[in-house]
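Let me begin by presenting the structure, written as structure tokens, before commenting on it.
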Amino acid sequence: MNDREGPIRVVIADDQPLLRHSLAAVVNAGHDLTVAGEAGTGDEAVRLSAELRPDVVLMDIRMPGTDGITATRRIMADAGIGSVKVIALTMFGLDEYVRAALHAGASGFLLKDCHPRELLDAIRRTHHGESPFSPKVLSRIVEAYIAQPTGARPASLSLLTERETEVLTLVGHGLSNDEIAARLTISIKTVKTHIGSLLSKLRARDRAHLVIAAYDGGLVRPAR
């Protein structure tokens, strides 16, 4: 998380001016958010990320020339940019886009038809180290992961304490850190400690993989 004081600074990258400006209006409507810059191409997104050092980049996946996945990869590879995080945006929930965005280093993945409140919440959660995904996208990630051979699955949930299992279950249901803290009547700091322990014990790369572990371990059942 960036410790800089002030609003969460966002760069919006989308090749469609109307949609880009619409996203900017939504972001600026958040009392704790501000648009630091707008990019119409992947190259511009990379340049603005280096120049402005935003907290979060909203990155359209499909752009002409340098696409959003390539731009995300370049941003994540630039150690000088610091703690910038990327949320991938697309009209399409296709599995190949989701996988490519995650492999490029995106922290979250949203569909462009999401509600403005969901977008603002995703920006805040990403800034605070979480990994937001549209429910449709997350269900596809889970389905694809569960379909993999057993050897690719996480370590046994038997390694977890009772409290860690409770936290993992709530993560699997998509609850934020604040919601988990309220549900279990514990502090945010304690939630973050449990999340860190879960990542380590389950050899999970990020929060998305913790959700997968919750499904894979039978703590959460896929919606029918």
Q: All but one of (1) under 16 Å from A13 (Cβ atoms); (2) open to solvent by less than 70 Å² (accessible area, probe 1.4 Å); (3) in contact with a helix residue (DSSP H, G or I) (Cβ under 7 Å, 6 or more places away or on another chain); (4) not hydrophobic (A, V, I, L, M, F, W, C) hold for R74, so report the exception by its number.
A: (2)
(Q) Looking at the structure I just gave you, is R99 surrounded by fewer than 20 Cβ atoms within 10 Å (Cβ to Cβ) and either at pLDDT 85 or above or assigned to a loop (DSSP other than H, G, I, E, B) (or both)? (A) no
Q) Within the group T70, T66, which residue is in a helix (DSSP H, G or I) and either in contact (Cβ under 8 Å) with a residue 40 or more places away in the chain or in contact with a Gly (Cβ under 8 Å, 6 or more places away or on another chain) (or both)? A) T70
**Q.** Members of segment 26-42 that are within 19 Å of the chain's Cα centre (by Cα) and among the aliphatic types (A, V, I, L, M)
**A.** V26, V27, L33, V35
Q: Give the residues of segment 45-69 that are small (G, A, S) and open to solvent by 10 Å² or more (accessible area, probe 1.4 Å), sorted by residue number.
A: A50, G65
**Q.** helices (runs of 4 or more DSSP H) lying entirely in segment 131-224 (those with 3 or more residues that are of a type outside the set (A, V, I, L, M, F, W, C), open to solvent by 50 Å² or more (accessible area, probe 1.4 Å) and at pLDDT 70 or above)
**A.** 162-172, 177-184, 188-201
Q. When L18 is evaluated against the numbered criteria (1) of a type outside the set (D, E, K, R); (2) in a helix (DSSP H, G or I); (3) in contact (Cβ under 8 Å) with a residue 12 or more places away in the chain; (4) within 26 Å of R117 (Cβ to Cβ), which criterion, by number, is the only one it fails?
A. (3)
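The values are calculated or read from the model by the stated rules, or taken from the named source; none is laboratory data. These figures come from a predicted structure and were not determined experimentally. In this analysis, Cβ positions are derived from the backbone assuming ideal geometry, glycine residues included, and neighbour counts consider all displayed protein chains. Just so you know, the surface numbers come from the protein's heavy atoms only, side chains and all, with ligands and any DNA or RNA stripped out. Shrake-Rupley method; radii C 1.70, N 1.55, O 1.52, S 1.80 Å.
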